[in-house]
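The values are calculated or read from the model by the stated rules, or taken from the named source; none is laboratory data. Quantities reported herein were computed from a predicted structural model and do not represent experimental measurements. Cβ coordinates were reconstructed from backbone atoms using ideal geometry, including for glycine residues, and neighbour counts include every protein chain displayed.
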Amino acid sequence: MVLDQDTLKQLGDGLIVKYTVLDNLKLGRHLYEASIEITNSARVDLPRDNWEIYLCHIRLIEPDVASSQEKCEIKKSGVCFTHINGCLFKLEPSENFKTLKKGETLVINITAEIYSVARCDYLPNWFIVADGLEPCLIQSTVGEDLKFVQPFDKPCQWKRFDYELANGLKRFDLYDPFTPEVRFEKHFVEDLKKPGKLIIPTPLNLSVEEKRVEFSPTEWQIVSDDIFIQEAEYLSEKSKVKIGKSGTSSKTIAIKQTRDLMIKNERIPGSSEGYRILVNDGSIILEARDRPGIFYACQSFLSLLDKHNNIPVCCIEDSPRYTYRGMHIDVSRNFKTKEDILKLLEIMAMYKLNKLHFHLTDDEGWRLEIPGLPELTQVGSKRGYSSGENTYILPVLGSGPFPTGSGTGYYSVSEYREILTYAAARHIEVIPEIDMPGHSHAAIVSMRTRYKNFMEKGQQREAEEYLLSDLSDKLEAKSVQMFAENSLNPGLESTFTFVEKVVKELKIMHADVNPLKTFHFGGDEVPYKAWKSSPACQALVSSGVVDSVGDLMDYFVRRVAGIVANYDLSLGAWQDGIMDDNEPCERSRFPNKEVYVYAWKNVWELQHAADSVKLANKGYKIVMSQGTHLYFDHPYEPDPEERGLYWACRYIDTRKVFNFMPQNLYANADYKLTGEVISQQDRKKMMKKQFSESLEKSENIIGVQGQLWTELVRTSEQFGEMIFPRLLSLAERGWYKAEWEDFDDDTERKIHQDKDWVFFANALGYKELQRLDDCDMAYYIPPPGARWLSEGVFETICCYPGLTIQYSTDNTNWTDYTQTVQLQQSIPQVLLKTLSTNRKRCSRIVVLKSEVTK
């Protein structure tokens, strides 16, 4: 049967896909079982040949065969799988396939690598293709609800491992999805009935009186020293108070420069971000040495205003704990619009974060226009189905066959400069990351297209000028994300020509709006084996430039560092980009004024947590970015219905970020990957084993940063939910050091942490989440906790007191919960959900089962 376009569309509309994780445990350590059911509900048959289905699967399917890039036949089903690249797989009929007629179901049982315990592991927008026809989406796989993925309702589906180690001990997963009862116990917080903190992040010194000042914007005016006029204009816009001249109003917000900034009667040397606020009946004074300090004084002033537009009589003396308080955003995996980024910057500024780490490139997309290299955005910014990646890069991460949606997009030079300008006005430094030498598939494909275009014109010199790959390489090695052809080739001089071109253009873009200070080159997760089969790399070894293929990474990093230094820039890198055989590279290898290292690899059992101490002692500036506490791509709960990856730990909620202690690192070790508790005694053993030295240069721990990687984040709403409200906890730890961070005893520390969290959680529920709603920023809404008190009587709580909880017995009629509920009749279960402060969004609906039902 020969398919035509109409028949192919009917199949796309009528094939019903169901994906089921069957068992993560039975096959042991490295495999899990799953099934793909395809039911033909179309009016036409799925023929024996001449079709292919493309799907994205973040775990390697049938790894024993797929890893060698051969077709893998599932004989009982009559189909074959082929791994294309990254997470993209092709499913096609084999010789044994039988026509799938209307109403028939094809069951394909597969194995895949490691384990899978969440619905969001599976990506939407599968599509079917046939020779000469336009691809058609399989509609049953379209949509963010991912309904084609079947429920995870058995322990073998939501647990990750259960096997015996070589020493005879068993490794097993202790995590289960939270029930409302478990959530009630874990998340119970005293309800203060009001915000627990006036300002987040907490000021260093805050003295507040009971008396409040009525603040009517029309009765006040702003008078500012000339140096602070931009900040005065910002405050005027936000507060609706006009800027005037001294002496023209009795009620004045005076914005002044001071050289003598005191905090708790001690002079603060050189703090450009410190400030003082004095609020009295008829006057408000904001003072700082420099513009960032006044800007943060404005933010604190705006936070002090209550819903009635009153402000307390108070004195605030404040200065940040760290000079680096950052948020990392990956826009490569799934593009985020300029508007998304501007909204994020506004809220970062509200909470006094001052660095945007902008991850602009990766295997899955190049997101910035580079003048002179149009192919980077003509090809590298688009994902779609095409032959040989000449038009687009592969449609990975569920992008679908067409170059639309979050898989496609880039910032023009003018849009990027608009982002830079907006950030600069809020005293946020933008640190661009061009990830290399690994994670570079989009760049490599783009420059290969450029090469072909120039070669067709007979212009070999131009063709080879920016080539990033050895065209005779066999491309056998794969990255952690299953990408072949993802590493820039250090054997080609054109690679470094390309790097210099990008650095040069970035510096020009930044120059007069948000000066480029640091170039972040990534350096993480490089599949070094990729260079072994490269003739260009082998030639570099043969010439004596490097001693072996194993030295190529060091060679690459030093070359890039030199280029960056020539443009008078500091260098940024992920932790593994600066480590050489588990030890830091010598700082003297880098000519850059500063080298910033982002410490992320701290899975406690894997013995890399101590790298941050080693690197700090070697003279590197360390940004604490630990995966176990600061990776916002992880879920908020260990539930299959929660969005997020879970490689560093099973979940990271807002409280866990709040508890993070940047300079007491091993005190953060709470749970192993299994869910087993790490005791204080266990931590001491870990430290003894992993730490060969103590932290001698604490001044080199310069700050903290949250990370959002976006493999699973496709929409603006998902973007907001993964960042907020965790970002507020990040801001708290970056600006303010809690007294409990230095406690050695776990019990004493927890007592003080719990007290501090009560105030913070009440501030979220009664105030800060409303501010996010006012900014039209989505945030994660936690499901309620609940418990039965007696038959038919239950109570419920939210981990952020102040949010509204609703309950229902029929999923149709919902009632606000205000106090303990006495049901009028016996029922098997109660449905519960939490509302956002504006009541426009809600949490996952959870079920409180009756004792009889259980």
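Miscellaneous remarks
- Residue among Val313, Val379, Val396 that is surrounded by fewer than 21 Cβ atoms within 10 Å (Cβ to Cβ) and at pLDDT 95 or above: Val313
- Restricted to the range 429-512, the set of helices (runs of 4 or more DSSP H) holding at least 3 residues that are not charged (D, E, K, R) comprises 441-456, 493-510.
- Candidates Lys102, Lys71 - the one that is in contact with a strand residue (DSSP E or B) (Cβ under 9 Å, 6 or more places away or on another chain), basic (Lys, Arg) and free of Cβ contacts under 8 Å to residues at least 60 places away in the same chain: Lys71
- Condition check for Asp754: within 29 Å of the chain's Cα centre (by Cα), surrounded by fewer than 20 Cβ atoms within 10 Å (Cβ to Cβ), within 18 Å of Phe184 (Cβ to Cβ) and modelled with pLDDT of 95 or more: yes
- Of note, Ala565 satisfies the criterion of being buried (at least 16 other Cβ atoms within 10 Å of the Cβ) and either of a type outside the set (Asp, Glu) or farther than 16 Å from Lys614 by Cβ (or both).
- Within the range 254-266, the set of residues being assigned to a strand (DSSP E or B) and under 39 Å from the mean Cα position of the chain (by Cα) comprises Ile255, Lys256, Gln257, Met262, Ile263, Glu266.
- Glu134 closer than 29 Å to Arg333 by Cβ, over 33 Å from the mean Cα position of the chain (by Cα), part of a strand (DSSP E or B) and at pLDDT 95 or above: no
- From the list Val149, Val107, Val189, Val129, the one residue that fits, being modelled with pLDDT of 95 or more, over 30 Å from Leu3 (Cα atoms) and of a type in the set (A, V, I, L, M), is Val189.
- Put simply, of Ala573, Ala610, Ala599 the only residue that is touching a residue at least 40 places away in the same chain (Cβ under 8 Å), buried (at least 24 other Cβ atoms within 10 Å of the Cβ) and within 25 Å of the chain's Cα centre (by Cα) is Ala573.
- For Ile128: the one exception among (1) on the phi > 0 side of the Ramachandran plot; (2) part of a strand (DSSP E or B): (1)
- Helices (runs of 4 or more DSSP H) (entirely within the range 637-730) containing at least 2 residues that are aliphatic (A, V, I, L, M) and closer than 26 Å to Trp757 by Cα: 716-723
Yes/no matrix, rows are residues, columns are (1) of a type in the set (Lys, Arg); (2) modelled with pLDDT under 95; (3) in contact with a Ser or Thr (Cβ under 9 Å, 6 or more places away or on another chain); (4) farther than 19 Å from Asp653 by Cβ:
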{"position": "Asp745", "(1), (2), (3), (4)": "no, yes, no, yes"}
{"position": "Asp773", "(1), (2), (3), (4)": "no, no, yes, yes"}
{"position": "Tyr779", "(1), (2), (3), (4)": "no, no, yes, no"}
{"position": "Glu795", "(1), (2), (3), (4)": "no, no, yes, yes"}
{"position": "Ile805", "(1), (2), (3), (4)": "no, no, yes, no"}
{"position": "Val830", "(1), (2), (3), (4)": "no, no, yes, yes"}
{"position": "Val846", "(1), (2), (3), (4)": "no, no, yes, no"}
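- Residue match in the range 206-225 (condition: in a helix (DSSP H, G or I) and either in contact with a helix residue (DSSP H, G or I) (Cβ under 7 Å, 6 or more places away or on another chain) or among the small types (Gly, Ala, Ser) (or both)): yes
- Residue satisfying all of: in the range 220-242; basic (Lys, Arg) and under 18 Å from Asp774 (Cβ atoms); surrounded by the fewest Cβ atoms within 10 Å (Cβ to Cβ) among these: Lys240
- Qualifying residue in the range 620-627 (condition: at pLDDT 95 or above, of a type in the set (Ser, Thr, Tyr), assigned to a loop (DSSP other than H, G, I, E, B) and under 23 Å from Tyr780 (Cα atoms)): yes
- Positions within the range 1-12 being crowded, with 16+ Cβ neighbours inside 10 Å and in contact (Cβ under 8 Å) with a residue 40 or more places away in the chain, in sequence order: Leu3, Leu8, Lys9, Leu11, Gly12
- Every test in (1) over 16 Å from Leu286 (Cβ atoms); (2) among the acidic types (Asp, Glu); (3) not in a loop (DSSP other than H, G, I, E, B) is passed by Asp145 save one, and that test is (3).
- Among the numbered conditions (1) outside any loop (DSSP other than H, G, I, E, B); (2) out of contact with any helix residue (DSSP H, G or I) (no Cβ under 8 Å at 6 or more places or on another chain); (3) over 30 Å from Glu676 (Cα atoms); (4) touching a residue at least 60 places away in the same chain (Cβ under 8 Å), the only one that Asp281 does not meet is (1).
- Considering (1) in contact (Cβ under 8 Å) with a residue 40 or more places away in the chain; (2) out of contact with any helix residue (DSSP H, G or I) (no Cβ under 7 Å at 6 or more places or on another chain); (3) within 20 Å of Tyr322 (Cα to Cα), the lone condition that Glu642 does not fulfil carries the number (3).
- Remark: Val560 matches the filter, which requires a residue to be among the β-branched types (Val, Ile, Thr), crowded, with 16+ Cβ neighbours inside 10 Å and under 28 Å from Ser625 (Cα atoms).
- Checking each residue in the range 449-483 for being touching a residue at least 24 places away in the same chain (Cβ under 8 Å) and basic (Lys, Arg) picks out Arg450, Lys452, Lys474, Lys478.
- Test: residue in the range 293-310 that is in the same structural domain as Ile723 (by TED's automatic domain parsing), out of contact with any strand residue (DSSP E or B) (no Cβ under 9 Å at 6 or more places or on another chain) and under 28 Å from Lys194 (Cα atoms): no
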